[in-house]
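J.: Below is a structure I'd like to ask you about.
The values are calculated or read from the model by the stated rules, or taken from the named source; none is laboratory data. Remember, predicted model here, so these are calculated numbers, not experimental data. Every residue, glycine among them, receives a Cβ derived from its backbone with ideal geometry; neighbour counts consider all protein chains shown.
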Protein chains: 2
Amino acid sequence: MIGGMGRWEPNARGRLEQAALELYVEHGFEQTTVAEIAARAGLTERTFFRYFADKREVLFAGGANLQEFLVSAVASAPDSVAPIEAVAAALEGAGALLQERRDYSRRRQAVIAANAGLQERELIKLASLASALAAALRQRGATGPAASLAAEAGIAVFKIAFERWVGGTSQPDLPQLIRESFDDLKAVTAGK
Amino acid sequence: MIGGMGRWEPNARGRLEQAALELYVEHGFEQTTVAEIAARAGLTERTFFRYFADKREVLFAGGANLQEFLVSAVASAPDSVAPIEAVAAALEGAGALLQERRDYSRRRQAVIAANAGLQERELIKLASLASALAAALRQRGATGPAASLAAEAGIAVFKIAFERWVGGTSQPDLPQLIRESFDDLKAVTAGK
């Protein structure tokens, strides 16, 4: 994924992400510098900036991959599948990929919850995910407000399921929580 | 509403809002200064800062009133009303109040659409509306994810109906668009 340029620094991206998150949890996001992140990862600042624009983007770099995954999952759903089902299947698939990163996700969430600027960035990321999903649904032929509604509702469900997942005391299954939350949404919108 | 302190400056708040929006449309948000807004309104900068923290807040000051209105509408809905219906009724009520401000809302929306920072502020405002609605639903006894889902879905519906309203070429009825969008959401989540 990182191409040839990082061959002499095995998994530099992952090491930087890990180091950054450790430092954000230990000292707070504001207090941590890029120099400290690079040092903790055993890499240089120059290497850091090869992967990330700034220390904030370390927390959000995965968003582009997630968006790409969701959009192509929606695009490849069979024509017969309703918009909300295409969105639900895409999000369950993303949930399965995230499932193994629960510890990382929990700590990331705690860092974000402690910083208003990071919360804003997360909201923007979610809004852009919803726009991308709506565009993918329109590509498949969804018309009128159905595309936007399915996309926005899907992201709301994902957000709520994700919060239940990271906040859970046992080891909950994220795809299952997403599925349950879509069922909950159906019941809620039906006035139950 | 503005109390005794503005008695010698009739409707200072409204004049400042109007002047600010005119200037944002004419010259752009970034290019407009508080001094220019005050001058256009025939008031002083000091008066401006009595009402607004900065030039951005002129566009968002109404958000607090909207939130208060929605929360009290949800709180006063009869116990027998389902969460999504309480949210829908509250938003339709807000739509009726906004209906007469369509021209203002259209121009405000255009200013926000042209500026990334304002779009972020708008997203934050919508997220905080959703949180406030979810809290109001929990106060009424909604449990588990139903409160959050009804609130988040309601705000998504409101956002989409609002966009249809300001973007419409005729003079559409906002409460009716909100009602239709809730019906659309119901159909969408049922997999139609």
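J.: Which residue, of A:189, A:169, is among the β-branched types (Val, Ile, Thr) and away from chain B (no Cβ under 12 Å)? I'd like the intermediate steps shown before the answer.
T.: Working: A:189 fails: away from chain B (no Cβ under 12 Å).
That would be A:169, the only listed residue that is among the β-branched types (Val, Ile, Thr) and away from chain B (no Cβ under 12 Å).
J.: Which residues, taken from segment A:123-148, are touching a residue at least 40 places away in the same chain (Cβ under 8 Å) and either among the charged types (D, E, K, R) or in contact with an Asp or Glu (Cβ under 7 Å, 6 or more places away or on another chain) (or both)?
T.: Scanning segment A:123-148 gives A:125, A:140, A:146.
J.: Also, quick follow-up: Is it fair to say residue A:148 is at the interface with chain B (Cβ under 7 Å from one of its Cβ atoms), within 14 Å of residue B:160 (Cβ to Cβ) and among the polar types (S, T, N, Q)?
T.: Values: at the interface with chain B (Cβ under 7 Å from one of its Cβ atoms): yes; within 14 Å of residue B:160 (Cβ to Cβ): yes; among the polar types (S, T, N, Q): yes.
Spelling it out, residue A:148 is indeed at the interface with chain B (Cβ under 7 Å from one of its Cβ atoms), within 14 Å of residue B:160 (Cβ to Cβ) and among the polar types (S, T, N, Q).
J.: When you go through B:81, B:71, B:87 one by one, which is the residue that is among the hydrophobic types (A, V, I, L, M, F, W, C), in the same structural domain as residue B:129 (by TED's automatic domain parsing), more than 19 Å from the chain's Cα centre (by Cα) and closer than 30 Å to residue B:156 by Cβ?
T.: Numbers: B:71 fails: more than 19 Å from the chain's Cα centre (by Cα); B:87 fails: more than 19 Å from the chain's Cα centre (by Cα).
After applying the criteria, what remains is B:81.
J.: In segment A:92-192, which helices (runs of 4 or more DSSP H) lie fully inside it and hold 2 or more residues that are of a type in the set (Asp, Glu) and within 20 Å of residue B:119 (Cα to Cα)? Break it down into steps so the answer makes sense when it comes.
T.: Values: elements: A:102-113, A:116-139, A:145-167, A:174-189.
It comes to A:116-139.
J.: Let me ask something else. Based on what the data block shows, is residue A:123 farther than 17 Å from residue B:167 by Cβ, touching a Leu at 6+ places or on another chain (Cβ under 6 Å) and within 8 Å of chain B (Cβ to nearest Cβ)?
T.: Against the criterion (farther than 17 Å from residue B:167 by Cβ, touching a Leu at 6+ places or on another chain (Cβ under 6 Å) and within 8 Å of chain B (Cβ to nearest Cβ)), residue A:123 qualifies.
J.: Do we find that residue B:171 is touching a Lys or Arg at 6+ places or on another chain (Cβ under 9 Å), on the phi < 0 side of the Ramachandran plot, surrounded by fewer than 18 Cβ atoms within 10 Å (Cβ to Cβ) and assigned by TED's automatic domain parsing to the domain that holds residue B:131 in this structure?
T.: Values: touching a Lys or Arg at 6+ places or on another chain (Cβ under 9 Å): yes; on the phi < 0 side of the Ramachandran plot: yes; surrounded by fewer than 18 Cβ atoms within 10 Å (Cβ to Cβ): yes; assigned by TED's automatic domain parsing to the domain that holds residue B:131: yes.
It is true that residue B:171 is touching a Lys or Arg at 6+ places or on another chain (Cβ under 9 Å), on the phi < 0 side of the Ramachandran plot, surrounded by fewer than 18 Cβ atoms within 10 Å (Cβ to Cβ) and assigned by TED's automatic domain parsing to the domain that holds residue B:131.
J.: Kindly indicate whether any position in segment A:30-45 is under 19 Å from the mean Cα position of the chain (by Cα) and at negative phi.
T.: Our first condition is that a residue be under 19 Å from the mean Cα position of the chain (by Cα); within segment A:30-45, this holds for none.
So far as segment A:30-45 goes, no, none of its residues is under 19 Å from the mean Cα position of the chain (by Cα) and at negative phi.
J.: Among the residues that make up segment A:149-159, is at least one of them surrounded by fewer than 22 Cβ atoms within 10 Å (Cβ to Cβ), free of Cβ contacts under 8 Å to residues at least 60 places away in the same chain and not β-branched (Val, Ile, Thr)? Even if it seems obvious, please write down each step before you answer.
T.: To start, the set of residues in segment A:149-159 that are surrounded by fewer than 22 Cβ atoms within 10 Å (Cβ to Cβ) comprises A:159.
Those still in the list that are free of Cβ contacts under 8 Å to residues at least 60 places away in the same chain too: A:159.
Filter again for not β-branched (Val, Ile, Thr), leaving A:159.
Yes.
J.: Right, something else. All but one of (1) under 25 Å from residue B:120 (Cα atoms); (2) more than 9 Å from every other protein chain (Cβ to nearest Cβ); (3) touching a residue at least 60 places away in the same chain (Cβ under 8 Å) hold for residue A:104; state the number of the condition that does not hold.
T.: (1)
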